[in-house]
Amino acid sequence: MKAGRTLPAAPSDGVARPWLRLLRFQWVAVPIVGAILTLLLPVLDPGPFVLRQVELIAMFALVVVGLNLSWGYAGELALGNVAMFAAGAYTCGILAKDFHVDLLVSLAAAILVAAVVGFISGVPGLRLGGWALAMSSFILVLLLPDIMTVFQRETGGLNGLAAIPDPVLLGHKLDPLQYYYVITISTILGFAFFRNLVVSRHGRALSVLRQGPILAQSLGISVFRMKLLAYVLAALPAGLAGALFAYLDNFIAPESFGFSTVIAFLAASVLGGSRTVYGALLGSALLQIGPLSSTRYQQYSLLVYGAFLVVGGVFLSGGLSGVLGSLYKSASKWWVKRKPSPPAKATTKVELGPFEGAPLTVADVSKRFGGVQALDRVSIEAKPGQVTGLIGANGSGKTTLINLVCGYYWLDSGRIELGEDSLVGKRPHVIARAGVSRSFQTPSIPTGLNCLQVVATNRYVRDASGVLPAVLRLPSYRRRLDGDLREARRLLEALGIGHLATQEAASLPLGTRRLLEVARALAGRPSLLLLDEPASGLDKNEVEELSQLIRYTAAHGATVVLIEHNFPMVLETADQIYVLEQGKLIASGGPQAIRDNPAVIQSYLGAEVQTPA
Amino acid sequence: MTTVWGALTVGAVYAIVAVGFNIVIISSATFNFAQPQLIMLGTFAAYLGAAQFHVPLLVTIGISLVLGGVIGLLIERTAIRLLPPGAHAELVTTVGVSVIIAGLVVLAFGNNPLSVPPVFGGERAMTLLGGRILPAELTILCIGLALPLVADILTTRTLVGLSSLATSEDKTAAVLRGINVGRLGWGSYAVAGALCMGLGPFVAPETYAYSALGDILVLKGFVAMVIGGQGSHRGALIGALAVGFVEAFTARYIGVNYQNVAVFGVLLIVLMIRPHGLFGERLERAV
């Protein structure tokens with residue numbers, strides 16, 4: 001119908017001079033310089049004490065970066081990292097002592113065992129969330145001494161595992177200096193791995209998980225799989241660190257893996273900033289140089305950790321690296337004057353391509369919440385190529401109906417079908433993958449992502465890529481990322497918010513976030529698009545743009561269901577309208593018929609309101 | 001039968017911890033990791049009262065009640081009220097408070113358990129239903145069994161209790177109904193704090209005054225609460241007794257080293273079968 005409508009052009013990034021593009025690499029430069037300095041450190045001959053401090057910081061930081069991934073990014077506070085650290089250390093120690101294996105073999109085995117422990121410790125977390133997961137993973141740490149005692153012969157019990165031989169790499173026995181390089185290079189590689197993971201599509205999918213299971217499922221992301229991924233990935237660096245730790249003193253004992261270690265890791269994470277990668281290094285360094293190294297003040301160390309946790313938890317939501325980051329940002333703003341983004345003025349055509357719509361059939365659906373009959377034998381048909389409006393007063397059951405279609409509620413009776421397939425009894429993420437995308441009445445936008453990234457999260461499952469290609473930045477991953485950005489930019493432009501592409505999405509005004517939700521829903525190339533009050537909070541022009549886009553989407557084949565209180569907009573946009581009142585369908589028909597229907601005027605608009613001309 | 005009495009006594013202590021957790025959870029939807037440290041402080045109050053200053057038990061309990069309430073208020077003020085909502089940051093901050101309390105006690109009294117004379121009844125075990133039990137154990141058993149039931153009645157029958165339940169279900173709706181949610185929040189911390197520290201002297205003869213007591217109780221109390229279903233006092237009683245029995249019987253028939261493993265196993269099994277605990281309610285998720 002209104003295909004190829006005119007839309008504003010993409011503005012430039014706002015960076016005028018090409019040399020300023022180098023600034024894009026500013027955050028990579030700092031760690032690279034740090035890594036080089038660490039590797040060159042032995043040249044200065046600082047003595048064994050300093051080198052040992054660096055080694056301890058490196059191992060410590062590896063565990064903390066895993067904690068940051070599961071907690072800071074994925075929002076799952078799993079405190080079992082010490083158990084994985086211990087698993088890595090003991091696996092490595094036993095293999096080295098009893099089987100004299102090569103360093104590469106023992107490191108690999110340690111990481112593998114830690115991943116298995118991470119998997120096991122995550123099992124309660126699949127059912128519980130929040131603090132309950134934290135506590136049950138905590139218990140796993142409490143069990144360590146018992147397990148060591150049970151396997152006294154292999155682990156040395158409470159006395160510890162002594163006389164672990166020096167590491168052997170490819171038949172060559174390593175001296176302490178060579179081992180320093182093994183530790184630092186492993187840590188650098190570990191951090192590179194995590195940095196790439198966190199800024200990849202997977203990192204953003206983890207942010208979606210943090211926002212909540214409902215959003216994740218609506219994007220087709222299996223919460224179950226995503227949580228397991230987070231736990232297992234978080235375990236890998238802990239296992240590596242444990243293995244490295246086993247060789248350090250040729251001795252490991254249960255007291256290295258106790259309650260205070262858990263607290264120290266947590267404190268380092270909070271102090272450095274939990275939602276960061278390099279903050280793990282900062283926090284670990286501060287704790288290692290401070291309370292952990294001084295035996296003289298050991299009895300005060302618990303007090304220091306405690307104070308860090310309270311102060312850090314209350315005041316430093318981004319940790320010290322967050323504070324440093326915002327200082328740097330304001331400094332660079334003062335130093336480099338960026339041109340403000342030009343307002344959208346030029347216009348161009350945006351093609352969104354065809355959608356493969358599927359008809360939605362809702363037949364005789366009933367749903368009761370306690371004493372409230374939210375829906376009472378409601379039947380609705382939505383056809384591809386059409387916009388189906390759903391209106392009714394607050395509490396009339398509109399959103400309940402959408403939630404039933406999406407699988408968030410279980411229906412009491414009736415049928416819901418998309419094309420030939422029944423959606424009843426399917427889990428929400430399965431329904432989303434079947435081609436159902438939706439927007440939420442209250443926008444659900446994860447913090448820390450820009451608009452492009454938010455829109456692209458709905459392509460995570462549809463155009464899936466593995467973890468390894470993402471970490472190694474293989475061409476297959478880059479292709480998907482390019483596809484993500486291209487598609488996301490096109491959608492943002494189609495909604496007239498292309499100039500906001502690189503802005504932090506969660507801090508945008510309500511109306512803009514609603515449009516962003518629509519763009520995200522469209523990014524799934526849905527066969528059924530469910531829009532829950534997308535127009536409230538928008539100004540007149542924005543409503544007009546949105547209305548055109550909805551018509552455009554339907555005209556290109558999608559099935560669109562529109563819930564809206566803006567009566568004129570629904571009349572203008574929808575081909576077929578259903579009216580709900582207290583869970584019952586009271587009218588249906590074309591816009592004209594609905595506007596003139598006396599029951600609708602009576603119930604929904606109030607008798608005295610004049611129908612719009 | 002002696003094992004049964006032992007299980008019941010230990011279970012009773014866990015029940016007190018779990019009820020303390022529940023009171024805070026019901027009223028302010030936060031988990032206070034530092035809660036069991038107040039019982040630990042109560043045991044040290046008993047130690048000081050009985051072994052150092054030789055004051056009557058009632059004085060010790062009175063002081064403990066007041067101090068516990070004050071410390072509870074302090075925890076709420078420093079570690080809870082300032083937090084951004086919905087991030088579960090309270091786990092980090094209350095762990096911090098817990099560590100600080102334990103650290104201070106270690107500084108003042110050292111790492112070793114200090115023995116505390118029984119509240120009353122002497123040190124002679126008596127024979128009850130074919131098992132041996134100390135009078136002090138019998139006391140704590142009765143308290144531990146009665147407390148969850150009393151708490152349950154108070155929660156479901158009084159206005160304060162019902163307001164708390166309403167708040168835990170929907171904070172905004174509770175505010176709109178005229179419930180002072182802020183007062184319930186700090187009130188619950190004060191009540192739970194006073195309760196835990198006030199009962200500490202009764203627990204002391206059984207556990208000794210020991211700086212690491214809080215760290216042990218926090219995990220067992222947590223398991224008891226989760227098994228019973230969070231927010232349910234009746235559930236807390238059942239869960240606590242279950243943990244007590246599993247511990248006692250595993251220690252007796254399999255081995256002391258398997259005690260914690262068995263408790264963790266039971267927790268996993270309960271979570272697999274009933275994720276919301278025995279008395280927890282499953283809510284349908286809303287968008």
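The numbers here are math on the coordinates, done by the rules we state, and not lab data. If you're wondering where the values come from, they're calculated on a predicted model, not measured in any experiment. So basically every Cβ, Gly included, is an ideal-geometry build from the backbone, and we count neighbours across all protein chains shown.
Residue by residue, region A:448-455 carries 3J(HN,Hα) couplings of x, 10, 8, 4, 4, 5, 4, 4 Hz when phi is fed to the Karplus relation 6.51 cos²θ - 1.76 cosθ + 1.60 (θ = phi - 60°); x denotes Gly or Pro. Helix B:57-75 axis versus longest C-alpha principal axis of chain B: approximately 30°, rounded to the nearest ten. Its Cα centre serving as origin, the protein assembly as shown has a Cβ charge dipole (Lys and Arg +1, Asp and Glu -1) of approximately 1660 debye.
Among the residues of B:100-110, the average count of other protein chain beta-carbon atoms within 10 Å of the residue beta-carbon is 4. For the pair region B:213-228 / region A:547-566, the C-alpha centres are spaced 53 Å from each other.
Based on Cα contacts under 8 Å between residues 6+ apart, chain A shows a relative contact order of 18 percent. Sorted largest first, the spans of the alpha carbon positions of region B:2-216 along the three principal axes are 57, 41, 29 Å. Region A:201-257 to region A:52-95: how many Å between their Cα centroids? When both Cα centres are located, 10 Å separates them.
Lys and Arg at +1, Asp and Glu at -1: add these up for the other residues within a Cβ distance under 10 Å of residue A:565 and post the number. Local net charge: -1. Cβ crowding within 10 Å, taken as a proxy for footprinting-reagent exposure, orders A:314, A:454 from fewest neighbours to most as A:314, A:454.
Once you average over the residues of B:266-274, how many Cβ atoms of partner chains fall within 10 Å of each Cβ? All intermediate terms of the calculation are to be shown ahead of the outcome.
Details: counts 0, 4, 6, 0, 1, 8, 4, 0, 1.
If you average over the peptide's residues, the count of other-chain Cβ atoms is 3.
GNM remark for chain B: springs join alpha carbons under 10 Å apart, and the peak mean-square fluctuation among B:194, B:125, B:236 falls on B:125. Per residue of peptide A:67-77, the mean number of Cβ atoms on other chains within 10 Å of the residue Cβ is 1. Comparing B:76, B:169, B:137 in a Gaussian network model of chain B (Cα springs below 10 Å), the most mobile by mean-square fluctuation is B:169. Helix A:223-248 and the longest principal axis of the Cα set of chain A meet at an angle near 10°.
Given an 8 Å cut-off on Cα distances and at least 6 residues of separation, report the relative contact order of chain B as a percent.
On the way: 508 pairs, mean separation 104.0, N = 287.
Relative contact order, chain B: 36 percent.
According to the square roots a ≥ b ≥ c of the eigenvalues of the Cα gyration tensor, what is the shape class of region A:44-133, taking rounded for a/c under 1.5, prolate for a/b larger than b/c otherwise, and oblate for the remainder?
Oblate, since a/c reaches 1.5 and b/c is not below a/b.
Computed from Cα atoms, the angle from the helix B:35-47 axis to the main principal axis of chain B rounds to 30 degrees.
Among the listed pairs A:227/A:367; A:227/A:329; A:227/B:171; A:584/B:171; A:383/A:584, a Cα-Cα separation exceeding 23 Å is found for A:227/A:367; A:227/A:329; A:227/B:171; A:584/B:171.
What's the longest piece of chain A with no exposed GluC sites (Glu not before Pro), counting a site as exposed if DSSP puts it in a loop and it has at most 15 other beta carbons within 10 Å?
Longest gap between qualifying sites, sites excluded: A:1-350.
Just flag the chymotrypsin sites (Phe, Trp or Tyr not before Pro) in region B:1-61 sitting in loop per DSSP whose Cβ has no more than 16 other Cβ atoms within 10 Å. Listed in order of number, the matching sites are B:53. For region B:2-216, the dipole from Cβ point charges (+1 on Lys and Arg, -1 on Asp and Glu) about the Cα centre works out to 300 debye, to the nearest 20.
In loop segments of region A:351-415 as defined by DSSP, the chymotrypsin sites (Phe, Trp or Tyr not before Pro) with at most 14 further C-beta atoms inside 10 Å of their C-beta are A:410. Each residue of region A:404-417 was assigned a 3J(HN,Hα) from its phi angle through the Karplus expression (A = 6.51, B = -1.76, C = 1.60, θ = phi - 60°), giving 5, 4, 6, x, 7, 10, 9, 7, 7, 7, x, 10, 10, 10 Hz with x at Gly and Pro.
Once you sort the root eigenvalues of the Cα gyration tensor of the protein assembly as shown as a ≥ b ≥ c, which label holds: rounded (a/c under 1.5), prolate (a/b larger than b/c) or oblate (the other case)? Oblate.
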